[in-house]
Amino acid sequence: MRIRKIRDYLFDNRKDVQERLFVLLTVIALGGMITAFVASLILGENAEGILAMLFAFLVLTTAIFLGLKYDRIRLTANILTAMIIYIFFPIVFFTSGGVYGGSPIWFVFAMLFTSMLIRGRVRIVLLVSQFIVAAVCYYIGYRYPQMVIPHTEKEFYLDSLASFTVVSFIMTLMITFQVYLLRRDNETVEQQKEEIDDLNKAQNRFFSSMSHEIRTPINTIIGLNEMILREDVSEEVEEDAKSIQAASKMLLSLINDILDMSKIQSGQMQLNPVNYSTAEMITEVASMIQIRTMEKNLIFNVSIAPDLPRGLMGDEIRIKQILINILNNAVKYTDEGSVSLSVQCESLNDKEVSVIFSVEDTGMGIKKENIPYLFNAFKRVDEDKNRHIEGTGLGLSIVKEFVDLMGGKVTVNSIYTRGSTFIVEIPQTVTDGKPIDRTDMYGKKDENPGRTYHQSFEAPDAKILVVDDTAANLMVIKKLLRETKVQLDAVSSGSEALEKTLNTHYHVIFMDHLMPEMDGIECMKRIRSQRGGSSRDAKIVALTANADQKSRQLYEKEGFDAYVLKPVTGNTLETELRKLLPKEVIEFEVKDENVLEESVSWIDNGAKKSSIRVTMSSVADMPKELSEKYNIATVPLRVKTEGGCFRDGIDMDADAILSYVAGKKKKASLSPISAPEFEKFFSEILKTSNNIIHISASGRIYDTSIHGALEVTEKLNNVSVVDSEQISAGQGILAIEASRMAEEGKRLDEILEKLNALKNRIRTAFLVENVDNMVDSHQINNRLARILKAFLIRPVLVMKNGKIRTGKLCLGSREHTCRSFISYALRNREFIDKRMLFITHVGVSNADVEWIKSEVEKHVHFDEVYVTKASPAIAINVGVGTFGLIFMMKD
């Protein structure tokens, strides 16, 4: 074994720390053994102890050699540790004086050795084994001292001193080496951290520079293209101009995505909340997407809830980016059909609402196994099928990051080949609680939006100065503001701007930031402090391609009056001028109300969706009036007979199924609701609700449908399935409580948490009249059924921990067993929640039902008692004459 190879292994950062530590300890142990071996020879210890130490030395040397040669150090460590525990230490203990020698010290060292070098369950096993071996050795040494080769007093002291010295030395070296490795690793981490920080800074500088350089030519393209769309040109030219406009905006969106992802990854992304108009924001987004849907001959629908506030506070730019990314995706992956945007809101408190944006398409959908990866950066799902569709894989990742930053959530409902729905919920502060006027939302979409430009104001006496080192940008701004009739001067440098402002009073100055010789910030400060200057009180607007939050904060800090981001549009420039120009210089102005009316006149006024809808299966035995009162939707199970398959409670009720089974001596069985059936059912509900809470029958009973419902939740993220751990009305009670909480406006997570606690308070018990049906449904065998009938025994079935169990056996006549059952079910009357009781029965006469109600009243008075027939799904399992009592206990 070469010393260099051992040294290289010890300082190889690619190797595991514990493995390197093992090699070091082994080398030290070998040195310690040599020392102990020599000391034993000098001291003249017995030959057995010396031979044992020599044997251990040879084994250790061979093991470390083979471990290094074949790179199996971890396996070597496990084997050697086991050999030391089970072989070496017992031998040394009995041949070197037992407790009157150095063995106890070596036992302690072995425990430390194992703790620091062995991992996982093997470490636990070896530590326990080591303790047991030590205890056995001590016990044998105490009970059978003749088995221990004793030390003389001198040998005891010398052996203990030698062991103490060697173990102390080894432990010191071991800890020192580990501290050294940790310190070196920390230094490496710090160095790598600095390198990563430098790399992030360089990357941010690059992206910021790239953004600035690309936005400048895009500003020219978009601006001049807008001028073309304002003119009376041919349809062909207009169509080409619209294509240029859409492509430019898509390129700008891609640039924003790349820049934003850079900020997100470096932890520098910040939000910038502002007051904004919901109508204007939605219209701007929808107008952009409308062009793309027209190109693909898709129907584009926009629906806004009537209670959406006019004014909100939030990061308008990021919200628009979220919507554009999701809508663009919907258009990209939809070849025919429609793309729909729905905007809803739910009140959180007096000052906040949760705005819910839903984007639905009829595209190709998403496979359920791909849904968990949708929001991964640079990840595109179903790559083979989508290879011809453009995209970087950044859009949805950025959506997720922005929504998380805003304290919201994004969910996906998708059925492969049938389409997808993305739902984004973002909390926003209300600044104008007045809802958007319904009259503003009616009307037809403008079929020719390119020719609808009208200047928002005219100000012939207004004096405007534009400062930008790019001639194309100056030309674009001149053209965009031409119809406003303002007096506009344009210069290409800060020095020229100072010459102009010395003698001319400008009302507003648009100032580019990054210019050679003198940048925009310095030029602004000189204008403000210019001695004898005529524009010291002018409104100065930062006109820049720097889109990051730091730049915005910088301009506010330096004293700019406003901030306009390139590429600019005519609408943006006019909006800023209307805010900043003195009212006396504006001769003609379109009022905000008119602008709003134009902006939302083509949007449909949609019905408000419910926040949460509760659903359940037909085995809940819910009276129709209650399901209607609490707006609970029911999905039916199917009952299979020889005559066909029937929907539970719709095509066949309990009386019909029992008559069929009894009269024709034929069998019937339940067919659980399949995943496709749930998929269709939930999809229909989600058209009018943002979320679904499905209360399922217990997942631990025969023929349950919960598995189909859970399978669908992998595709429909807005469906939550709750295992009620109940059957019959026990499931219904939980559904009622869920609906009550939804009506009170509780959040989805609050309701789900409360339901998990409530289901433990529900009590469900049935008195079975005839056990023949239990035999048919394989709940009991024929022999047991015959015994029960022979002795007039009626079983009481109860729900416990989601399973049907026998709670009691009632013996005697029908009347006696019924009284006994009622007394048993209502035995803890002081703890019973007396708001409601369900009496669910199978073929019990009205007279018997009234008698049962009177007997219940003798024990407990309930505010509401609901009598309902059991569903066919329940009836075929328990038979005619069975009835149950279902209620809740107090909290």
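Go through region 77-86 and give me each residue that's over 16 Å from Cys137 (Cα atoms) and open to solvent by less than 20 Å² (accessible area, probe 1.4 Å).
Ala77, Leu80, Thr81
Which of the residues spanning region 522-548 are in a helix (DSSP H, G or I) and open to solvent by 20 Å² or more (accessible area, probe 1.4 Å)?
Taking region 522-548 first, the residues in a helix (DSSP H, G or I) are 522-529.
Once the filter is applied, which keeps residues that are in a helix (DSSP H, G or I) and open to solvent by 20 Å² or more (accessible area, probe 1.4 Å), region 522-548 yields Glu522, Lys525, Arg526, Arg528, Ser529.
Would you be able to say whether some residue in region 844-854 is buried (at least 17 other Cβ atoms within 10 Å of the Cβ), touching a Lys or Arg at 6+ places or on another chain (Cβ under 8 Å) and either among the β-branched types (Val, Ile, Thr) or without any contact (Cβ under 8 Å) to a residue 60 or more places away in the chain (or both)?
No - not one qualifying residue is present in region 844-854.
Would you mind finding the one in Val476, Val486, Val466 that is closer than 17 Å to Val564 by Cα, touching a strand residue (DSSP E or B) at 6+ places or on another chain (Cβ under 9 Å) and open to solvent by less than 70 Å² (accessible area, probe 1.4 Å)?
Result: Val466 is the single residue among Val476, Val486, Val466 that is closer than 17 Å to Val564 by Cα, touching a strand residue (DSSP E or B) at 6+ places or on another chain (Cβ under 9 Å) and open to solvent by less than 70 Å² (accessible area, probe 1.4 Å).
Of all residues in region 214-238, count the ones that are open to solvent by 20 Å² or more (accessible area, probe 1.4 Å) and more than 42 Å from the chain's Cα centre (by Cα).
10
What's the total number of residues in region 816-866 that are of a type in the set (Gly, Ala, Ser) and within 26 Å of Val619 (Cβ to Cβ)?
Going through region 816-866 one residue at a time, the tally reaches 3.
Take the residues in region 687-717 that are touching a Ser or Thr at 6+ places or on another chain (Cβ under 7 Å) and closer than 20 Å to Phe422 by Cβ, then tell me which one is most open to solvent (accessible area, probe 1.4 Å).
Taking the candidates together, the pick is Thr688.
Answer with yes or no whether Asp446 is outside any loop (DSSP other than H, G, I, E, B), of a type in the set (Asp, Glu), more than 28 Å from Thr713 (Cα to Cα) and at pLDDT below 90.
Judged against the criteria, Asp446 is not a match.
Considering region 761-783 alone, what residues qualify as being modelled with pLDDT of 90 or more and open to solvent by 30 Å² or more (accessible area, probe 1.4 Å)?
If the condition is that a residue be modelled with pLDDT of 90 or more and open to solvent by 30 Å² or more (accessible area, probe 1.4 Å), then Arg761, Arg763 are the ones that fit.
For region 689-731, enumerate the residues that are touching an Asp or Glu at 6+ places or on another chain (Cβ under 6 Å) and within 30 Å of Cys345 (Cα to Cα).
Of everything in region 689-731, those that are touching an Asp or Glu at 6+ places or on another chain (Cβ under 6 Å) and within 30 Å of Cys345 (Cα to Cα) turn out to be Ser696, Val712.
Residue-by-condition table, conditions (1) within 16 Å of Gln726 (Cα to Cα); (2) open to solvent by less than 70 Å² (accessible area, probe 1.4 Å):
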residue: Ala785; (1), (2): no, yes
residue: Val798; (1), (2): yes, yes
residue: Ile804; (1), (2): yes, no
residue: Ser813; (1), (2): no, yes
residue: Ile822; (1), (2): no, yes
residue: Glu830; (1), (2): no, no
residue: Val865; (1), (2): no, yes
residue: Gly884; (1), (2): yes, yes
residue: Lys890; (1), (2): no, no
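For region 200-207, indicate whether the set of residues that are surrounded by 17 or more Cβ atoms within 10 Å (Cβ to Cβ) and at pLDDT below 80 is non-empty. Talk me through it step by step, then tell me what you get.
Looking only at region 200-207, we keep the residues that are surrounded by 17 or more Cβ atoms within 10 Å (Cβ to Cβ), and these are 204, 207.
Imposing the further condition that a residue be at pLDDT below 80 reduces the set to 204, 207.
Yes.
Within region 299-313, is there a residue that is hydrophobic (A, V, I, L, M, F, W, C) and under 13 Å from Thr421 (Cα atoms)?
Among the residues of region 299-313, not one is hydrophobic (A, V, I, L, M, F, W, C) and under 13 Å from Thr421 (Cα atoms), which makes the answer no.
Does region 581-589 contain at least one residue that is open to solvent by 30 Å² or more (accessible area, probe 1.4 Å) and either at pLDDT below 80 or under 29 Å from Asp257 (Cα atoms) (or both)?
yes
From the residues in region 453-498 that are hydroxyl-bearing (Ser, Thr, Tyr) and not in a helix (DSSP H, G or I), which one is farthest from Val568 (Cα to Cα)?
Ser493
Which of (1) among the β-branched types (Val, Ile, Thr); (2) open to solvent by 20 Å² or more (accessible area, probe 1.4 Å); (3) part of a helix (DSSP H, G or I) is the odd one out, the single condition Val99 does not satisfy?
(3)
Can you pull out the residues in region 625-644 that are surrounded by fewer than 16 Cβ atoms within 10 Å (Cβ to Cβ) and at pLDDT below 85?
Answer for region 625-644, where residues must be surrounded by fewer than 16 Cβ atoms within 10 Å (Cβ to Cβ) and at pLDDT below 85: Lys640, Glu642, Gly643, Gly644.
So is Val108 open to solvent by 80 Å² or more (accessible area, probe 1.4 Å), at pLDDT 80 or above and either closer than 23 Å to Phe169 by Cα or not aromatic (Phe, Trp, Tyr) (or both) or not?
Taking the combined requirement at face value, the residue satisfies it.
Mind listing just one residue for me: the one in region 743-760 that is farther than 16 Å from Val721 by Cβ and open to solvent by less than 80 Å² (accessible area, probe 1.4 Å) and, of those, modelled with the lowest pLDDT?
Gly745
For region 499-521, enumerate the residues that are closer than 24 Å to Lys579 by Cβ, of a type in the set (A, V, I, L, M, F, W, C) and open to solvent by 10 Å² or more (accessible area, probe 1.4 Å).
Ile521
Taking region 315-365 on its own, how many of its residues are in a loop (DSSP other than H, G, I, E, B), open to solvent by 10 Å² or more (accessible area, probe 1.4 Å), among the polar types (S, T, N, Q) and over 19 Å from Ser611 (Cβ atoms)?
1
Filter region 406-426 down to the residues that are at pLDDT 90 or above and open to solvent by 40 Å² or more (accessible area, probe 1.4 Å), then identify the one that is farthest from Ile692 (Cα to Cα).
Gly407
Which residue pairs have Cβ atoms under 8 Å apart, sit 6 or more places apart or on different chains, and have a first residue in region 145-166 that is open to solvent by 80 Å² or more (accessible area, probe 1.4 Å) and a second that is assigned to a helix (DSSP H, G or I)?
Going by the 8 Å Cβ cut-off, the qualifying pairs are Met147/Phe94; Met147/Ile140; Met147/Gly141; Phe164/Ile105.
The values are calculated or read from the model by the stated rules, or taken from the named source; none is laboratory data. Note that this is a predicted model, so its numbers are computed, not measured. Please note: Cβ atoms are built from the backbone with ideal geometry, for glycine as well, and neighbour counts cover all protein chains shown. Protein only, heavy atoms only, side chains kept; ligands, DNA and RNA dropped before computing areas. Shrake-Rupley method; radii C 1.70, N 1.55, O 1.52, S 1.80 Å.
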